[in-house]
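Worksheet: the structure to be examined is printed underneath.
The values are calculated or read from the model by the stated rules, or taken from the named source; none is laboratory data. The shown structure was predicted, so the numbers you read here are calculated from the model rather than taken from an experiment. Please note: Cβ atoms are built from the backbone with ideal geometry, for glycine as well, and neighbour counts cover all protein chains shown.
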Amino acid sequence: MPTSICPECSEEVYVDADSEQGDVVSCDECHSSLVVVGLDPLELDLSSGDDDYDSGDDFDAFDADQY
Ligand SMILES: [Zn+2]
């Protein structure tokens, strides 16, 4: 299972192997919501809240797919 470093607490975060860019994962250590912003290499960024997430142009396609 791929891992990346939590930007909040610098702990390793496990991400599903079939995760896609825009997916949100939770850090087991600090319970922050982290967005997958890159896959090669795997890169995580802090989710800055639902409002910001919804308004992001890049994520609209994923939202339409999932909801
Ligand atoms: Zn963390």
Quiz prompt | Filtered residues of region 41-63 (kept if at pLDDT 90 or above and part of a loop (DSSP other than H, G, I, E, B)) | solution = 41
Self-check item: Filter result (within 14 Å of residue 40 (Cα to Cα), part of a loop (DSSP other than H, G, I, E, B) and out of contact with any Pro (no Cβ under 6 Å at 6 or more places or on another chain)) within region 2-15
Solution: 2
Practice problem: Out of the residues in region 14-35 that are among the hydrophobic types (A, V, I, L, M, F, W, C) and in contact with a strand residue (DSSP E or B) (Cβ under 6 Å, 6 or more places away or on another chain), state the one that is surrounded by the fewest Cβ atoms within 10 Å (Cβ to Cβ). | Solution: 24
